[in-house]
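In what follows, a structure is listed as structure tokens, so that the remarks can point back to it.
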Amino acid sequence: MPAPLHHRGIRPDEGPVDAGVVHAHATSTDSGDLAEAEAIDRVIGSHAAVTATKSMTGHMMGASRTVGAMAALFALEDGTVPATRNLDDLDPRVGLDVVRGERRTRQWSAALANSSGFGGHNVSLVFTT
């Protein structure tokens with residue numbers, strides 16, 4: 001996750017990144033989701049509103065990254081973050097502000113969209129206003 005941030009001049013090693021919204025890759029695997037949550041907490045901090053579009057659409061393979069990126073852009077454009085659906089029991093080790101129940105509305109200045117692919121094809125996109 002840090003490499004795309006460095007490319008934009010954002011230095012997570014100098015403190016948390018000011019992204020108010022994170023669209024997590026979140027495939028609902030225990031080890032994968034926990035590893036992603038730990039990375040988000042380390043790079044962004046626990047203050048960001050975290051959601052997962054796969055909870056609404058299922059895994060669309062290669063198209064998932066596009067949907068996550070679009071959702072991050074919409075969050076910046078209209079200030080809306082959809083709630084993560086079908087999440088009954090959040091792992092207590094996930095110390096993030098996961099949006100559940102109702103959507104969240106607020107104006108954010110930056111959003112991040114994570115996507116991981118088979119064979120290590122991973123990307124974190126940062127969008128700013």
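Rule-based calculations on the coordinates, nothing more; no lab input. Because the structure is predicted, anything quoted here is derived from the model rather than measured. Ideal geometry is used to build each Cβ from the backbone, glycine not excepted, and the neighbour counts take in all protein chains shown.
Some observations on this one:
- Computed lengthening from residue 59 to residue 27, 0.36 nm per intervening residue step minus Cα-Cα distance: 10.8 nm
- Inter-label distance for residue 66 and residue 80, nm, one decimal - labels placed 7 Å from Cα along Cα-to-Cβ: 2.2
- Calculated over region 22-71, the projected area of the Cα convex hull averaged across directions stands at 3.4 nm².
- Sparsely packed trypsin sites (Lys or Arg not before Pro) within region 75-129, loop by DSSP, other Cβ within 10 Å at most 14: 85, 93, 103, 106
- Each of 28, 55 has some number of other Cβ atoms within 10 Å of its Cβ, and from fewest to most they run 28, 55.
- Remark: region 88-99, residue by residue, has Karplus-estimated 3J(HN,Hα) of 8, 10, 6, 4, x, 6, 8, x, 10, 8, 6, 6 Hz, where x stands for each Gly or Pro and the curve is 6.51 cos²θ - 1.76 cosθ + 1.60 at θ = phi - 60°.
- Footprinting exposure proxy for 38, 102, 77 (fewest neighbouring C-beta atoms within 10 Å first): 102, 77, 38
- Charge tally around residue 56: other residues with Cβ under 12 Å, Lys/Arg +1 each, Asp/Glu -1 each, net +3.
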